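Every number in this text was worked out from the coordinates using simple rules, so none of it is lab data. Bear in mind that the values here come from a model prediction, so they are computed numbers and not experimental data. For neighbour counting, all protein chains shown are included, and Cβ atoms are generated from backbone atoms with ideal geometry for every residue, glycine included.
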Amino acid sequence: MLLNTSMGSFDQTKVRLDNGSIAEAASPEILSVSRRTDIPAFYSDWFFNRLSKGRNGYVDTVNPFNQNLQHISFRNTKFIVFWSKNPKPMVKYLDMLDGLGIDWYLQFTLNAYPMMFEPNLPPLEERIQTFKEISDKYGADRVIWRYDPIFYVSQNLGVDVHLIKIASILDAIEGLTNKLVISFADIDRYRKVIVNLRGTGATELSIPEQKQFAEKLRLLIDNKGLSHLKIATCSEDVDLSAYGIGHNACIDAELISKLSRDKGFSERTAVAGKDPGQRGSCLCTKARDIGVYDTCAHGCKYCYANITPNSAKVNFEKLKKKMNKSCLI
């Protein structure tokens with residue numbers, strides 16, 4: 001799993017702010033909504049209210065490096081990549097995007113960890129139903145299944161238990177997606193994750209364990225006759241090509257080009273390179289993320305984007321009272 005670090009330059013335009021003043025704003029063609037927080041789950045009303053203002057609308061975000069407020073205009077927005085573990089609150093708004101001439105797809109994380117690791121998610125069955133609802137209406141290309149990040153928990157959740165859970169989810173969503181994206185938890189890289197997972201028994205997978213997992217996952221997919229289902233890793237250095245698992249571009253220029261109705265944009269995007277602002281193993285094309293760290297209230301103990309699960313919950317409770325603001329702070 002990847003923290004968003006890209007703060008690269010984008011075309012600029014002028015926007016009229018809520019206070020009536022005029023300001024310079026970035027005007028990206030692709031929005032990421034969001035790697036930093038679950039906007040579909042917690043802030044759909046806020047985001048689509050901002051978006052309902054059309055091409056004159058904008059949002060603000062905070063530069064995570066210097067904490068400066070940055071204006072982001074919708075003037076040139078042609079595509080949105082959504083990220084969520086529970087996009088149900090967003091479903092009622094998706095038709096609005098068609099009216100605005102904006103195309104999209106969704107990265108939908110469906111895990112099956114014990115509640116202690118993902119305490120504030122709806123039951124898996126409800127999330128699977130949301131997955132079905134979106135895919136049935138908008139198509140399998142628009143819903144990408146993520147099972148990530150993967151970590152082991154003592155003897156209770158190793159490779160075989162993970163595969164049982166994956167098989168169960170596959171049975172429920174077969175034919176509803178064309179891609180499965182996996183990643184391996186980087187527990188030891190982040191002090192806050194080490195602290196949050198202390199005492200849970202959670203451990204990273206070694207490279208040999210990652211390859212063992214990949215080999216067994218490939219066998220599972222092949223035994224189910226799902227050769228059409230692409231499998232790829234998110235921002236991983238490990239080479240799993242021997243098992244038919246490639247490196248993913250989660251903000252995927254090829255898929256964006258395929259789904260976009262704007263021919264000129266589609267042609268430009270098809271040849272776009274990777275975002276230079278992301279780390280080397282990330283193949284995402286350039287996009288502007290509008291989220292703010294430490295605002296996701298799912299409370300997942302392994303999360304890289306929150307200082308602590310409780311700090312994000314406190315921020316969310318404050319933000320619920322300020323949904324008319326331009327920024328999630």
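In whole angstrom, how far apart do the alpha carbon centroids of the stretch 188-249 and the stretch 305-325 sit?
First find each Cα centre; the distance between them is then 30 Å.
Which ³J(HN,Hα) values in Hz, rounded to whole numbers, follow from the phi angles of the stretch 275-291 under the Karplus curve 6.51 cos²θ - 1.76 cosθ + 1.60, where θ = phi - 60° and Gly and Pro get x?
Using θ = phi - 60°, the values come out as 5, x, x, 9, 5, x, 7, 8, 9, 4, 6, 5, 8, 10, 8, 10, x Hz.
Just to verify a number: FRET efficiency for Lys14 and Asp136, C-beta to C-beta distance, R0 = 35 Å, to 0.05?
E between Lys14 and Asp136, to the nearest 0.05, is 0.25.
Among the listed pairs Lys14/Lys88; Lys165/Lys320; Lys85/Lys320; Lys88/Lys286; Lys53/Lys179; Lys192/Lys321, which have their C-alpha atoms separated by more than 30 angstrom in this model? Mind dumping the intermediate values first?
Working: Lys14/Lys88 33 Å; Lys165/Lys320 34 Å; Lys85/Lys320 19 Å; Lys88/Lys286 27 Å; Lys53/Lys179 33 Å; Lys192/Lys321 28 Å.
Checking Cα-Cα distances, Lys14/Lys88; Lys165/Lys320; Lys53/Lys179 exceed 30 Å.
State the answer as a single residue: which of Leu240, Leu217, Ile102 lies farthest towards the positive end of the charge dipole of the chain, with beta carbon charges of +1 for Lys and Arg and -1 for Asp and Glu, about the Cα centre.
It is Ile102.
In degrees, nearest 10, range 0 to 90: what is the angle between the Cα axis of helix 207-223 and the longest Cα principal axis of the chain?
Value to nearest ten degrees: 90.
Can you run phi through the Karplus equation (6.51, -1.76, 1.60; θ = phi - 60°) for the stretch 144-152 and list ³J(HN,Hα) in whole Hz, with x for Gly and Pro?
These are the phi-based 3J(HN,Hα) values: 9, 8, 10, 10, 6, x, 9, 9, 9 Hz.
With a ≥ b ≥ c taken as the square roots of the eigenvalues of the C-alpha gyration tensor of the stretch 175-329, please select rounded if a/c is under 1.5 and otherwise prolate if a/b is larger than b/c or oblate if it is not? Write out the running numbers ahead of the final one.
Working: a/c = 2.01, a/b = 1.14, b/c = 1.76.
Oblate.
For the chain, with only Lys/Arg (+1) and Asp/Glu (-1) charged at the beta-carbon, what is the dipole magnitude about the Cα centre, in debye rounded to 20?
940 debye
As I understand it, the value is the acute angle between the Cα axis of helix 309-319 and the longest principal axis of the Cα atoms of the chain; what does it come to in degrees, rounded to 10?
Relative to the chain, helix 309-319 is tipped by roughly 30 degrees.
Let me know the charge dipole size of the stretch 264-329 about its Cα centre in debye, to the nearest 20, where only the beta-carbon of Lys, Arg (+1) and Asp, Glu (-1) is charged.
Computed charge dipole of the stretch 264-329: roughly 240 debye.
So what J values fall out for the stretch 19-30 if you push phi through Karplus, 6.51 cos²θ - 1.76 cosθ + 1.60 with θ = phi - 60°, rounded to Hz, Gly and Pro as x?
Each residue's phi maps through the Karplus curve to give 8, x, 7, 9, 9, 6, 9, 5, 10, x, 8, 10 Hz.
Any aspartates and glutamates with Cα under 15 Å of the Lys313 Cα? List them, leaving off those in the same chain fewer than 8 positions away.
Lys313 reaches Asp38, Glu118, Asp294.
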